[in-house]
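The values are calculated or read from the model by the stated rules, or taken from the named source; none is laboratory data. Since the model is a prediction, treat every value here as computed from it, not as a measurement. Using ideal geometry, Cβ is built from the backbone for each residue, glycine included, and neighbour counts are taken over all protein chains shown. These area figures cover heavy atoms from the full protein model, side chains too; ligands, DNA and RNA do not enter into them. Shrake-Rupley method; radii C 1.70, N 1.55, O 1.52, S 1.80 Å.
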Amino acid sequence: MNVGSILNNDGPVDAGSVTANSSASNSPVARPGASARPERHSIVNLLNDDEKSAKNKNILNKKDAEKKQHETPSGSSGTQDFNGDFSTQKSIKSDENQRAQNAPVDELARLHKLKSSTKPTRYTVPPIWAQEWNPSKSGAPEPTIQGPPDISGTYLSSKRVFDPTITTSVDLECSITGVIPPASVTRTVAEWVYANFTEIPNDQRQNVELEAKFGLIVDKRSGRRIDISVASECIFTDKANTHFDMGVHEVGWRAMCDFLDELERKYQEENRKSNTKTKHKFSRLESDVTDRFYEISERNSQPKTMRVSTDALSKRQWGINKQRLSDLYIHNPSCMHDLRLSLSYEHPIPETSLESIVSKNQPVLTRAKKRTSWSHRPTVTTFDLTKVQTPRESKNMKGKKIVDQDTSYEVELEVDTPELFSGYDLFKTGADTIRFEELIEIFLNNARCLNNRVTKMANK
(Lines give C-alpha, C1' and ligand atoms only; values in the text may rest on other atoms or scores of the structure.)
Protein backbone atom coordinates (compact mmCIF):
# COMPACT_ATOMS: atom_id res chain seq x y z
CA MET A 1 0.00 0.00 0.00
CA ASN A 2 1.18 3.54 -0.78
CA VAL A 3 -0.29 7.06 -0.94
CA GLY A 4 -1.45 6.53 -4.52
CA SER A 5 -3.33 3.34 -3.55
CA ILE A 6 -5.04 5.09 -0.67
CA LEU A 7 -6.11 8.03 -2.88
CA ASN A 8 -7.35 5.62 -5.54
CA ASN A 9 -9.27 3.47 -3.02
CA ASP A 10 -7.20 0.46 -4.03
CA GLY A 11 -7.27 -2.62 -1.83
CA PRO A 12 -4.44 -5.12 -1.46
CA VAL A 13 -3.47 -6.80 -4.67
CA ASP A 14 -4.37 -10.48 -4.83
CA ALA A 15 -1.50 -12.24 -6.52
CA GLY A 16 -3.61 -15.22 -7.40
CA SER A 17 -6.31 -13.30 -9.17
CA VAL A 18 -5.63 -12.08 -12.65
CA THR A 19 -8.61 -10.44 -14.33
CA ALA A 20 -9.24 -11.38 -17.86
CA ASN A 21 -10.97 -8.16 -18.72
CA SER A 22 -8.25 -5.83 -17.46
CA SER A 23 -8.24 -4.23 -20.88
CA ALA A 24 -11.72 -2.89 -20.11
CA SER A 25 -10.21 -0.54 -17.58
CA ASN A 26 -9.88 2.99 -18.92
CA SER A 27 -6.81 3.71 -16.85
CA PRO A 28 -3.61 3.67 -18.95
CA VAL A 29 -1.67 2.29 -16.01
CA ALA A 30 -3.93 -0.65 -15.26
CA ARG A 31 -1.84 -3.66 -14.39
CA PRO A 32 -2.63 -7.35 -14.43
CA GLY A 33 -4.18 -8.66 -11.28
CA ALA A 34 -5.59 -5.27 -10.23
CA SER A 35 -9.28 -4.48 -10.21
CA ALA A 36 -10.76 -1.70 -12.37
CA ARG A 37 -10.00 1.66 -10.79
CA PRO A 38 -10.79 5.28 -11.57
CA GLU A 39 -8.52 7.29 -13.79
CA ARG A 40 -7.35 9.60 -11.00
CA HIS A 41 -4.43 7.89 -9.25
CA SER A 42 -2.32 10.69 -7.85
CA ILE A 43 -2.60 14.00 -6.01
CA VAL A 44 -1.65 15.84 -9.22
CA ASN A 45 -4.56 14.25 -11.08
CA LEU A 46 -6.94 15.09 -8.26
CA LEU A 47 -5.96 18.76 -8.40
CA ASN A 48 -6.10 18.94 -12.23
CA ASP A 49 -8.63 18.04 -14.88
CA ASP A 50 -8.97 14.44 -15.95
CA GLU A 51 -7.66 13.16 -19.25
CA LYS A 52 -10.99 13.33 -21.01
CA SER A 53 -11.35 17.03 -20.20
CA ALA A 54 -7.76 17.57 -21.36
CA LYS A 55 -8.45 15.78 -24.61
CA ASN A 56 -11.57 17.88 -25.16
CA LYS A 57 -9.62 21.06 -24.48
CA ASN A 58 -6.95 20.01 -26.97
CA ILE A 59 -9.62 19.40 -29.61
CA LEU A 60 -11.20 22.80 -28.97
CA ASN A 61 -7.82 24.52 -29.10
CA LYS A 62 -7.06 22.86 -32.44
CA LYS A 63 -10.43 23.99 -33.85
CA ASP A 64 -9.82 27.56 -32.71
CA ALA A 65 -6.38 27.52 -34.29
CA GLU A 66 -7.77 26.24 -37.58
CA LYS A 67 -10.50 28.90 -37.51
CA LYS A 68 -7.95 31.66 -37.00
CA GLN A 69 -5.84 30.30 -39.87
CA HIS A 70 -8.87 30.47 -42.19
CA GLU A 71 -9.65 34.05 -41.08
CA THR A 72 -6.02 35.08 -41.75
CA PRO A 73 -5.41 36.45 -45.29
CA SER A 74 -3.62 34.11 -47.70
CA GLY A 75 -0.55 36.35 -47.90
CA SER A 76 0.10 36.29 -44.16
CA SER A 77 1.57 33.48 -42.13
CA GLY A 78 -0.41 31.36 -39.69
CA THR A 79 1.59 32.66 -36.73
CA GLN A 80 -0.07 35.06 -34.31
CA ASP A 81 1.91 38.21 -35.10
CA PHE A 82 0.95 41.88 -35.35
CA ASN A 83 0.09 41.68 -39.04
CA GLY A 84 -2.29 38.77 -38.42
CA ASP A 85 -4.11 40.63 -35.63
CA PHE A 86 -4.42 43.76 -37.77
CA SER A 87 -5.83 41.81 -40.73
CA THR A 88 -8.33 40.07 -38.45
CA GLN A 89 -9.50 43.41 -37.01
CA LYS A 90 -9.80 44.79 -40.52
CA SER A 91 -11.97 41.84 -41.54
CA ILE A 92 -14.23 42.35 -38.50
CA LYS A 93 -14.62 46.05 -39.28
CA SER A 94 -15.50 45.28 -42.90
CA ASP A 95 -18.20 42.84 -41.72
CA GLU A 96 -19.63 45.49 -39.39
CA ASN A 97 -19.70 48.05 -42.20
CA GLN A 98 -21.46 45.56 -44.47
CA ARG A 99 -24.10 44.88 -41.79
CA ALA A 100 -24.63 48.62 -41.27
CA GLN A 101 -25.19 49.09 -45.02
CA ASN A 102 -27.68 46.23 -45.13
CA ALA A 103 -29.58 47.46 -42.03
CA PRO A 104 -32.04 49.78 -43.92
CA VAL A 105 -32.76 47.03 -46.44
CA ASP A 106 -33.44 44.56 -43.63
CA GLU A 107 -35.76 47.03 -41.87
CA LEU A 108 -37.72 47.64 -45.08
CA ALA A 109 -38.05 43.91 -45.64
CA ARG A 110 -39.28 43.51 -42.07
CA LEU A 111 -41.89 46.27 -42.52
CA HIS A 112 -43.14 44.68 -45.76
CA LYS A 113 -43.39 41.35 -44.00
CA LEU A 114 -45.43 42.84 -41.16
CA LYS A 115 -47.67 44.70 -43.62
CA SER A 116 -48.39 41.58 -45.64
CA SER A 117 -49.08 39.45 -42.59
CA THR A 118 -52.69 38.65 -41.80
CA LYS A 119 -54.50 40.21 -38.86
CA PRO A 120 -54.68 38.12 -35.69
CA THR A 121 -57.89 36.24 -35.14
CA ARG A 122 -60.30 37.56 -32.56
CA TYR A 123 -60.87 35.73 -29.32
CA THR A 124 -64.00 33.60 -29.26
CA VAL A 125 -63.69 33.68 -25.48
CA PRO A 126 -62.19 36.90 -24.03
CA PRO A 127 -59.15 36.54 -21.76
CA ILE A 128 -59.83 36.45 -18.04
CA TRP A 129 -58.91 40.11 -17.53
CA ALA A 130 -61.44 41.19 -20.19
CA GLN A 131 -64.32 39.02 -19.05
CA GLU A 132 -67.31 40.60 -17.36
CA TRP A 133 -68.97 39.54 -14.16
CA ASN A 134 -70.31 36.00 -14.29
CA PRO A 135 -73.40 35.31 -12.17
CA SER A 136 -72.47 31.64 -11.72
CA LYS A 137 -69.08 32.45 -10.17
CA SER A 138 -69.84 35.26 -7.75
CA GLY A 139 -72.28 36.34 -5.14
CA ALA A 140 -72.84 38.90 -2.46
CA PRO A 141 -71.08 38.14 0.83
CA GLU A 142 -73.05 37.18 3.87
CA PRO A 143 -73.75 40.28 5.96
CA THR A 144 -73.20 40.55 9.69
CA ILE A 145 -76.04 41.82 11.81
CA GLN A 146 -74.98 45.02 13.56
CA GLY A 147 -78.17 46.61 14.83
CA PRO A 148 -81.42 48.23 13.71
CA PRO A 149 -81.63 49.81 10.24
CA ASP A 150 -80.59 53.40 9.78
CA ILE A 151 -82.93 55.11 7.31
CA SER A 152 -81.58 58.62 7.71
CA GLY A 153 -80.34 58.68 4.10
CA THR A 154 -83.64 57.67 2.49
CA TYR A 155 -86.99 59.34 1.95
CA LEU A 156 -88.95 56.07 2.08
CA SER A 157 -90.16 54.26 5.16
CA SER A 158 -88.53 51.13 6.55
CA LYS A 159 -91.77 49.15 6.32
CA ARG A 160 -91.38 45.71 4.74
CA VAL A 161 -92.65 45.51 1.17
CA PHE A 162 -92.67 41.74 0.79
CA ASP A 163 -94.07 40.83 4.19
CA PRO A 164 -94.31 37.02 4.56
CA THR A 165 -97.31 37.35 6.86
CA ILE A 166 -99.56 38.37 3.98
CA THR A 167 -99.29 34.87 2.51
CA THR A 168 -100.21 33.19 5.79
CA SER A 169 -103.83 32.08 6.17
CA VAL A 170 -105.63 29.64 8.42
CA ASP A 171 -104.17 26.56 6.78
CA LEU A 172 -101.32 27.87 4.57
CA GLU A 173 -97.87 29.33 5.11
CA CYS A 174 -95.51 30.86 2.56
CA SER A 175 -92.79 28.24 3.17
CA ILE A 176 -91.50 25.90 5.85
CA THR A 177 -89.22 28.68 7.10
CA GLY A 178 -91.90 31.36 7.06
CA VAL A 179 -89.87 33.42 4.57
CA ILE A 180 -90.51 33.89 0.85
CA PRO A 181 -87.39 32.71 -1.05
CA PRO A 182 -86.10 35.33 -3.53
CA ALA A 183 -86.61 34.77 -7.23
CA SER A 184 -83.46 33.52 -8.93
CA VAL A 185 -83.41 36.35 -11.50
CA THR A 186 -83.87 38.98 -8.79
CA ARG A 187 -81.09 37.49 -6.67
CA THR A 188 -78.73 37.33 -9.66
CA VAL A 189 -79.42 40.95 -10.64
CA ALA A 190 -78.90 42.03 -7.02
CA GLU A 191 -75.55 40.21 -6.93
CA TRP A 192 -74.53 41.88 -10.22
CA VAL A 193 -75.41 45.35 -8.90
CA TYR A 194 -73.66 44.62 -5.59
CA ALA A 195 -70.50 43.42 -7.34
CA ASN A 196 -70.32 46.63 -9.41
CA PHE A 197 -71.20 48.93 -6.50
CA THR A 198 -68.20 47.67 -4.54
CA GLU A 199 -65.89 49.19 -7.20
CA ILE A 200 -67.53 52.65 -7.18
CA PRO A 201 -65.92 55.30 -4.92
CA ASN A 202 -68.19 57.20 -2.56
CA ASP A 203 -67.46 60.52 -4.26
CA GLN A 204 -68.71 59.12 -7.61
CA ARG A 205 -72.06 57.79 -6.43
CA GLN A 206 -73.99 60.87 -7.54
CA ASN A 207 -72.81 60.23 -11.13
CA VAL A 208 -74.02 56.60 -11.33
CA GLU A 209 -77.04 55.62 -13.42
CA LEU A 210 -78.81 52.24 -13.51
CA GLU A 211 -81.41 51.82 -16.23
CA ALA A 212 -83.37 49.03 -17.91
CA LYS A 213 -83.95 49.36 -21.66
CA PHE A 214 -86.49 47.47 -23.75
CA GLY A 215 -85.43 45.69 -26.92
CA LEU A 216 -84.43 42.31 -28.31
CA ILE A 217 -81.37 40.12 -27.83
CA VAL A 218 -80.41 39.31 -31.42
CA ASP A 219 -78.18 36.47 -32.62
CA LYS A 220 -75.41 37.92 -34.81
CA ARG A 221 -75.31 34.81 -37.00
CA SER A 222 -79.00 34.60 -37.87
CA GLY A 223 -79.99 38.24 -37.37
CA ARG A 224 -83.04 37.17 -35.36
CA ARG A 225 -84.05 37.10 -31.73
CA ILE A 226 -82.26 34.38 -29.82
CA ASP A 227 -83.93 31.01 -29.31
CA ILE A 228 -82.21 29.10 -26.52
CA SER A 229 -85.00 26.62 -25.75
CA VAL A 230 -86.20 28.20 -22.51
CA ALA A 231 -89.78 29.17 -21.65
CA SER A 232 -89.34 31.63 -18.78
CA GLU A 233 -87.33 34.69 -17.80
CA CYS A 234 -83.59 34.15 -17.40
CA ILE A 235 -80.21 35.89 -17.34
CA PHE A 236 -78.41 35.61 -20.70
CA THR A 237 -74.62 35.83 -20.59
CA ASP A 238 -73.41 34.91 -24.11
CA LYS A 239 -72.64 38.44 -25.34
CA ALA A 240 -69.93 37.35 -27.79
CA ASN A 241 -72.41 36.07 -30.38
CA THR A 242 -75.29 38.47 -29.71
CA HIS A 243 -76.11 42.16 -29.59
CA PHE A 244 -78.94 44.12 -28.04
CA ASP A 245 -81.29 45.80 -30.51
CA MET A 246 -82.76 48.64 -28.46
CA GLY A 247 -86.22 49.96 -29.27
CA VAL A 248 -89.84 48.88 -29.46
CA HIS A 249 -92.58 48.96 -32.07
CA GLU A 250 -94.70 52.09 -32.31
CA VAL A 251 -97.88 50.19 -31.42
CA GLY A 252 -96.33 48.74 -28.29
CA TRP A 253 -94.84 52.11 -27.34
CA ARG A 254 -98.24 53.80 -27.53
CA ALA A 255 -99.81 50.96 -25.56
CA MET A 256 -97.32 51.56 -22.75
CA CYS A 257 -98.07 55.29 -22.76
CA ASP A 258 -101.78 54.56 -22.57
CA PHE A 259 -101.19 52.08 -19.74
CA LEU A 260 -99.40 54.68 -17.58
CA ASP A 261 -102.06 57.29 -18.35
CA GLU A 262 -104.74 54.77 -17.38
CA LEU A 263 -103.06 54.13 -14.04
CA GLU A 264 -102.98 57.87 -13.40
CA ARG A 265 -106.69 58.28 -14.18
CA LYS A 266 -107.72 55.39 -11.93
CA TYR A 267 -105.60 56.75 -9.10
CA GLN A 268 -107.21 60.19 -9.35
CA GLU A 269 -110.70 58.68 -9.39
CA GLU A 270 -109.94 56.74 -6.21
CA ASN A 271 -108.50 59.85 -4.57
CA ARG A 272 -111.62 61.86 -5.27
CA LYS A 273 -113.68 59.24 -3.44
CA SER A 274 -111.33 58.95 -0.47
CA ASN A 275 -110.19 62.60 -0.33
CA THR A 276 -106.50 61.72 0.09
CA LYS A 277 -103.83 64.42 0.10
CA THR A 278 -101.81 62.92 -2.75
CA LYS A 279 -103.44 64.04 -5.97
CA HIS A 280 -101.25 62.30 -8.55
CA LYS A 281 -99.79 58.85 -8.85
CA PHE A 282 -96.96 59.98 -11.15
CA SER A 283 -94.93 63.12 -11.49
CA ARG A 284 -95.14 63.71 -15.23
CA LEU A 285 -92.72 65.73 -17.34
CA GLU A 286 -92.56 66.29 -21.08
CA SER A 287 -89.40 67.42 -22.86
CA ASP A 288 -88.18 68.18 -26.37
CA VAL A 289 -84.40 67.86 -26.50
CA THR A 290 -81.86 67.48 -29.29
CA ASP A 291 -78.73 65.47 -28.49
CA ARG A 292 -75.52 65.92 -30.46
CA PHE A 293 -72.66 63.49 -29.96
CA TYR A 294 -69.02 64.53 -30.41
CA GLU A 295 -65.90 62.36 -30.55
CA ILE A 296 -63.15 64.14 -28.59
CA SER A 297 -59.59 62.85 -28.95
CA GLU A 298 -56.86 63.98 -26.60
CA ARG A 299 -53.20 63.15 -26.64
CA ASN A 300 -52.17 60.01 -24.74
CA SER A 301 -55.81 59.15 -23.93
CA GLN A 302 -58.66 57.20 -25.48
CA PRO A 303 -61.33 59.06 -27.49
CA LYS A 304 -64.32 60.22 -25.48
CA THR A 305 -67.92 60.60 -26.59
CA MET A 306 -69.46 63.85 -25.37
CA ARG A 307 -73.19 64.39 -25.50
CA VAL A 308 -74.38 67.99 -25.71
CA SER A 309 -78.14 68.43 -25.22
CA THR A 310 -80.17 71.50 -26.22
CA ASP A 311 -83.69 72.18 -25.00
CA ALA A 312 -85.99 73.11 -27.86
CA LEU A 313 -87.92 75.73 -25.84
CA SER A 314 -85.39 77.40 -23.53
CA LYS A 315 -82.34 76.74 -25.77
CA ARG A 316 -80.43 75.82 -22.65
CA GLN A 317 -77.42 73.54 -23.21
CA TRP A 318 -75.78 70.98 -20.96
CA GLY A 319 -73.25 68.24 -21.56
CA ILE A 320 -72.74 64.67 -20.33
CA ASN A 321 -69.76 62.35 -20.65
CA LYS A 322 -71.30 58.89 -20.36
CA GLN A 323 -69.09 55.92 -19.55
CA ARG A 324 -70.58 52.42 -19.57
CA LEU A 325 -69.51 50.24 -16.64
CA SER A 326 -71.37 46.98 -17.20
CA ASP A 327 -74.39 45.40 -18.92
CA LEU A 328 -76.68 42.52 -18.02
CA TYR A 329 -79.15 40.89 -20.44
CA ILE A 330 -82.51 39.52 -19.27
CA HIS A 331 -84.21 37.26 -21.81
CA ASN A 332 -87.94 36.63 -21.53
CA PRO A 333 -89.19 34.49 -24.43
CA SER A 334 -92.78 34.56 -23.17
CA CYS A 335 -92.94 38.38 -23.55
CA MET A 336 -92.57 40.76 -26.44
CA HIS A 337 -89.29 42.30 -25.32
CA ASP A 338 -86.02 41.53 -23.58
CA LEU A 339 -84.25 43.85 -21.15
CA ARG A 340 -80.74 45.23 -20.94
CA LEU A 341 -79.65 46.54 -17.57
CA SER A 342 -76.92 49.16 -17.98
CA LEU A 343 -74.79 50.63 -15.22
CA SER A 344 -72.99 53.81 -16.27
CA TYR A 345 -71.18 56.91 -15.12
CA GLU A 346 -72.69 60.22 -16.21
CA HIS A 347 -70.13 62.96 -15.64
CA PRO A 348 -71.43 66.48 -16.30
CA ILE A 349 -69.32 68.59 -18.65
CA PRO A 350 -68.43 72.06 -17.30
CA GLU A 351 -70.32 74.86 -19.02
CA THR A 352 -67.03 76.57 -19.84
CA SER A 353 -66.06 73.60 -22.05
CA LEU A 354 -69.35 73.28 -23.94
CA GLU A 355 -68.75 76.19 -26.31
CA SER A 356 -65.29 74.92 -27.20
CA ILE A 357 -66.61 71.41 -27.93
CA VAL A 358 -69.44 72.67 -30.14
CA SER A 359 -67.37 75.23 -32.07
CA LYS A 360 -64.29 73.07 -32.75
CA ASN A 361 -65.93 69.74 -33.59
CA GLN A 362 -68.58 68.33 -35.87
CA PRO A 363 -71.25 66.05 -34.36
CA VAL A 364 -71.03 62.41 -35.38
CA LEU A 365 -74.68 61.77 -34.50
CA THR A 366 -77.76 63.92 -33.92
CA ARG A 367 -80.95 62.72 -32.21
CA ALA A 368 -84.12 64.74 -31.65
CA LYS A 369 -85.98 63.30 -28.65
CA LYS A 370 -89.56 63.99 -27.64
CA ARG A 371 -89.89 62.33 -24.25
CA THR A 372 -92.56 61.85 -21.62
CA SER A 373 -91.30 60.88 -18.16
CA TRP A 374 -93.45 59.34 -15.42
CA SER A 375 -91.71 59.36 -12.02
CA HIS A 376 -93.17 57.07 -9.36
CA ARG A 377 -91.61 57.81 -6.00
CA PRO A 378 -92.96 54.82 -4.01
CA THR A 379 -91.24 52.42 -6.43
CA VAL A 380 -88.09 54.57 -6.91
CA THR A 381 -88.55 54.34 -10.69
CA THR A 382 -88.78 56.80 -13.57
CA PHE A 383 -90.38 55.66 -16.83
CA ASP A 384 -88.96 57.38 -19.92
CA LEU A 385 -90.87 56.82 -23.17
CA THR A 386 -89.16 58.59 -26.06
CA LYS A 387 -89.86 59.22 -29.72
CA VAL A 388 -86.51 59.63 -31.48
CA GLN A 389 -85.88 61.19 -34.89
CA THR A 390 -82.46 60.75 -36.47
CA PRO A 391 -81.59 62.63 -39.69
CA ARG A 392 -80.49 60.44 -42.58
CA GLU A 393 -78.90 61.91 -45.70
CA SER A 394 -79.51 60.48 -49.18
CA LYS A 395 -79.42 61.58 -52.82
CA ASN A 396 -82.19 61.61 -55.39
CA MET A 397 -81.92 60.69 -59.07
CA LYS A 398 -80.45 64.10 -59.91
CA GLY A 399 -77.76 63.80 -57.25
CA LYS A 400 -79.33 66.37 -54.95
CA LYS A 401 -78.88 65.75 -51.22
CA ILE A 402 -82.07 64.93 -49.32
CA VAL A 403 -82.35 64.73 -45.54
CA ASP A 404 -84.93 62.26 -44.23
CA GLN A 405 -85.88 61.47 -40.66
CA ASP A 406 -85.66 57.95 -39.26
CA THR A 407 -88.15 57.54 -36.42
CA SER A 408 -87.72 55.05 -33.61
CA TYR A 409 -89.33 54.48 -30.22
CA GLU A 410 -87.49 53.76 -26.99
CA VAL A 411 -88.59 52.69 -23.51
CA GLU A 412 -86.29 52.79 -20.52
CA LEU A 413 -86.69 52.67 -16.76
CA GLU A 414 -84.27 54.41 -14.42
CA VAL A 415 -83.96 53.56 -10.74
CA ASP A 416 -83.30 56.12 -8.01
CA THR A 417 -79.59 55.35 -7.43
CA PRO A 418 -79.24 57.27 -4.11
CA GLU A 419 -82.00 55.10 -2.67
CA LEU A 420 -80.34 51.99 -4.09
CA PHE A 421 -76.97 52.95 -2.59
CA SER A 422 -78.72 53.43 0.74
CA GLY A 423 -80.01 49.87 0.58
CA TYR A 424 -76.55 48.70 -0.46
CA ASP A 425 -74.96 50.32 2.60
CA LEU A 426 -77.57 48.75 4.90
CA PHE A 427 -76.85 45.33 3.47
CA LYS A 428 -73.09 45.78 3.62
CA THR A 429 -73.13 46.72 7.29
CA GLY A 430 -75.68 44.04 8.13
CA ALA A 431 -78.24 46.54 9.43
CA ASP A 432 -80.87 45.42 6.88
CA THR A 433 -80.30 42.37 4.71
CA ILE A 434 -83.56 42.62 2.74
CA ARG A 435 -83.87 46.26 1.70
CA PHE A 436 -81.34 46.14 -1.14
CA GLU A 437 -82.90 43.10 -2.79
CA GLU A 438 -86.39 44.55 -2.35
CA LEU A 439 -85.42 47.67 -4.31
CA ILE A 440 -84.05 45.51 -7.16
CA GLU A 441 -87.21 43.39 -7.26
CA ILE A 442 -89.48 46.43 -7.29
CA PHE A 443 -87.50 47.92 -10.17
CA LEU A 444 -87.72 44.68 -12.18
CA ASN A 445 -91.43 44.31 -11.39
CA ASN A 446 -92.12 47.70 -12.96
CA ALA A 447 -90.40 46.57 -16.16
CA ARG A 448 -92.38 43.33 -16.10
CA CYS A 449 -95.66 45.25 -15.76
CA LEU A 450 -95.00 47.15 -18.99
CA ASN A 451 -93.77 44.05 -20.78
CA ASN A 452 -96.80 42.01 -19.73
CA ARG A 453 -99.16 44.77 -20.83
CA VAL A 454 -97.73 44.83 -24.36
CA THR A 455 -97.65 41.04 -24.58
CA LYS A 456 -101.26 40.77 -23.46
CA MET A 457 -102.33 43.29 -26.09
CA ALA A 458 -100.41 41.44 -28.83
CA ASN A 459 -102.04 38.11 -27.92
CA LYS A 460 -105.58 39.42 -28.30
Being exposed (fewer than 15 other Cβ atoms within 10 Å of the Cβ) and either of a type in the set (Phe, Trp, Tyr) or over 33 Å from the mean Cα position of the chain (by Cα) (or both), is that true of even one residue in region 329-350?
no
Taking THR433, is it closer than 30 Å to SER232 by Cα, β-branched (Val, Ile, Thr) and open to solvent by less than 20 Å² (accessible area, probe 1.4 Å)?
no
Among the numbered criteria (1) touching a Leu at 6+ places or on another chain (Cβ under 6 Å); (2) surrounded by fewer than 15 Cβ atoms within 10 Å (Cβ to Cβ), which one does ALA212 miss?
(2)
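Each row is one residue, and each column tells you yes or no for (1) in contact with a helix residue (DSSP H, G or I) (Cβ under 7 Å, 6 or more places away or on another chain); (2) in a strand (DSSP E or B); (3) crowded, with 19+ Cβ neighbours inside 10 Å; (4) modelled with pLDDT of 95 or more.
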{"site": "LYS370", "(1), (2), (3), (4)": "no, yes, no, yes"}
{"site": "TRP374", "(1), (2), (3), (4)": "yes, yes, yes, yes"}
{"site": "PHE383", "(1), (2), (3), (4)": "yes, yes, yes, yes"}
{"site": "THR386", "(1), (2), (3), (4)": "no, yes, yes, yes"}
{"site": "PRO391", "(1), (2), (3), (4)": "no, yes, no, no"}
{"site": "SER394", "(1), (2), (3), (4)": "no, yes, no, no"}
{"site": "MET397", "(1), (2), (3), (4)": "no, no, no, no"}
{"site": "VAL403", "(1), (2), (3), (4)": "no, yes, no, no"}
{"site": "VAL411", "(1), (2), (3), (4)": "yes, yes, yes, yes"}
Regarding SER334, is this residue assigned to a helix (DSSP H, G or I), out of contact with any strand residue (DSSP E or B) (no Cβ under 6 Å at 6 or more places or on another chain) and touching a residue at least 12 places away in the same chain (Cβ under 8 Å)?
no
Go through (1) modelled with pLDDT of 95 or more; (2) open to solvent by 90 Å² or more (accessible area, probe 1.4 Å) for LYS266 and report which single condition fails.
(1)
Looking at the structure I just gave you, is LEU354 open to solvent by less than 50 Å² (accessible area, probe 1.4 Å), out of contact with any Asp or Glu (no Cβ under 7 Å at 6 or more places or on another chain) and not in a strand (DSSP E or B)?
yes
ASN446 - would you say it is in contact with a His (Cβ under 6 Å, 6 or more places away or on another chain), part of a helix (DSSP H, G or I) and closer than 26 Å to MET336 by Cα?
no
